[in-house]
Amino acid sequence: TKYSKLIFGKSDTVPEELHQMVQEGFLTLREHDCFFQDLVRIKGKDFVTPVSRILIGNPGCTYKYLNTRLFTVPWPTEGYDINYCSPQIQDACKALIRLNDYLHIEAVKALQGQSLFETKETKDTTVIDREQNFATSLTEKGSISKDQSSCCVPEDDYISLKNRTSYNLTLLNYMDPLQMLYLKQEPYFGMGSMAVSWHHDENLVERSTVAVYSYSCEGSAVEESNEQKLKGRDPAVWHVGLKVAWDIETPGLAIPLHQGDFYLMLDGLNMTHQHCVLAGFSPRFSSTHRVADCSRGTLEYIFGQCELALQNLQTDSDSKALSLKSLETAVVKQVEEIHNEVEFEWLRQFWFQGKRYLKCTDWWLKPMAKLEEFWRKMEIMTSLVLSEVGKEEQIEEQRNETISCLLLVLTERQRLRKEWTAR
């Protein structure tokens with residue numbers, strides 16, 4: 001009852017062709033050195049993650065965790081011109097979008113299955129029509145089998161059901177436990193060595209499903225240990241651990257993950273529970289599909305912010321001199337905050353570990369150059385504000401207000417520049 005929103009899928013339920021594509025994709029990315037350890041920041045200190053990662057997903061999407069922003073290697077998407085470093089890397093990205101579609105459909109089915117128990121018998125016929133249409137459209141995409149189409153889901157949940165399972169990216173993980181000198185032991189239930197400690201996934205759309213496909217390279221050398229007399233889990237096999245958040249009275253759960261198994265954390269499970277990854281003996285890849293909250297994390301968003309800020313800059317048609325349209329405190333504050341956002345959430349986040357993306361694609365270089373152009377203009381805007389408030393004819397009260405607002409943002413900029421230089 002405590003873990004009803006965890007759905008486990010055995011590898012033999014996944015199409016063989018899909019396994020093959022995805023597993024080849026993992027190995028390709030490893031061969032091309034596309035997995036990287038991230039420098040993350042926890043409680044003001046920087047750490048290198050034991051697990052190596054790469055983010056693949058919708059073009060222009062980013063995912064932020066532990067103060068580090070990762071930029072997607074875009075998977076092939078209609079309408080986008082994506083130049084991959086090799087056809088093999090392109091195939092790997094193609095395989096992952098196929099896996100993404102498959103897991104999306106599995107999540108919809110699982111949520112529909114669960115809501116069967118929660119919905120009332122009687123329903124509005126328009127809702128039933130809509131469900132039939134939705135299920136039919138999914139079936140036509142080669143997804144849900146026909147008998148699923150009679151599932152009952154309340155109308156307003158329908159849209160949210162789709163939104164909460166439409167993964168926009170996957171964070172791929174790779175780790176070879178034998179290369180690790182030290183792995184922490186699981187502290188509460190004696191589950192053994194952890195590759196990833198207890199945590200919630202962050203920066204996700206509320207109540208969205210997380211889907212994880214696991215591929216451990218189980219060779220002949222590392223078969224399961226024969227001593228099944230062992231109390232607890234088999235240490236040779238990778239597991240996912242789950243526990244109720246902030247609760248060590250309720251027994252934890254450790255589920256063995258064999259080659260090609262997958263699991264879904266439905267609805268609010270990622271928030272009500274914590275999960276960890278328990279290391280086996282062999283190297284392992286995983287593809288963790290998420291509905292990232294991209295409200296402030298897409299190129300579209302940050303370009304929109306830049307355009308908003310630059311509305312306050314005007315060029316004299318004759319002399320080509322630049323000046324500010326308004327010195328109102330609210331306008332100045334907004335522009336300077338966007339200036340900080342572009343510099344610290346995008347440019348510095350990208351360049352402090354962004355060169356590594358060039359192993360896969362040069363897709364981000366143009367947008368970053370464009371953002372840098374915007375940033376230069378905002379630097380000019382800052383100096384224009386400073387020279388304006390320095391002029392004698394400014395009204396004292398307005399001038400003081402502008403200065404104190406500006407001082408806050410500039411102090412923050414200075415502090416963050418020092419912090420980033422140190423990183």
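The values are calculated or read from the model by the stated rules, or taken from the named source; none is laboratory data. Given the structure is predicted, the values throughout are model-derived calculations rather than measurements. No Cβ is skipped: glycine too gets one built from the backbone with ideal geometry, and neighbour counts run over all protein chains shown. Just the protein is used for accessible areas: all its heavy atoms, side chains included, with ligands, DNA and RNA removed. Shrake-Rupley method; radii C 1.70, N 1.55, O 1.52, S 1.80 Å.
Computed values, structure above
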read-out: Unique residue being closer than 28 Å to residue 90 by Cβ and among the hydrophobic types (A, V, I, L, M, F, W, C) when the list is 365, 310; value: 365
read-out: Count of region 48-84 residues which are more than 19 Å from the chain's Cα centre (by Cα) and at negative phi; value: 6
read-out: Search result, residues across region 85-103 that are open to solvent by less than 40 Å² (accessible area, probe 1.4 Å), farther than 28 Å from residue 266 by Cβ and under 21 Å from the mean Cα position of the chain (by Cα); value: 89
read-out: Candidates 377, 355 - the one that is farther than 15 Å from residue 72 by Cα and part of a helix (DSSP H, G or I); value: 377
read-out: Candidates 353, 349, 311 - the one that is outside the structural domain of residue 177 (by the TED database), surrounded by fewer than 18 Cβ atoms within 10 Å (Cβ to Cβ) and within 16 Å of residue 63 (Cα to Cα); value: 353
read-out: Filter pass, residue 72 being β-branched (Val, Ile, Thr) and at pLDDT below 95; value: no
read-out: Cβ-Cβ under 7 Å pairs, at least 6 apart or on other chains, region 398-410 side assigned to a helix (DSSP H, G or I) and of a type outside the set (Ser, Thr, Tyr), far side open to solvent by less than 50 Å² (accessible area, probe 1.4 Å) and at pLDDT 90 or above; value: 401/329; 405/329; 405/332; 406/332; 406/336; 406/385; 409/336; 409/340
read-out: Exclusive hit being part of a strand (DSSP E or B), in contact (Cβ under 8 Å) with a residue 60 or more places away in the chain and open to solvent by less than 20 Å² (accessible area, probe 1.4 Å), set 70, 39, 18; value: 70
read-out: Pair list, Cβ < 8 Å and 6+ apart or interchain, from region 294-309 residues that are assigned to a helix (DSSP H, G or I) to residues that are of a type in the set (S, T, N, Q) and exposed (fewer than 13 other Cβ atoms within 10 Å of the Cβ); value: 301/295
read-out: Subset of region 47-63 (residues that are modelled with pLDDT under 95 and in contact with a helix residue (DSSP H, G or I) (Cβ under 8 Å, 6 or more places away or on another chain)); value: none
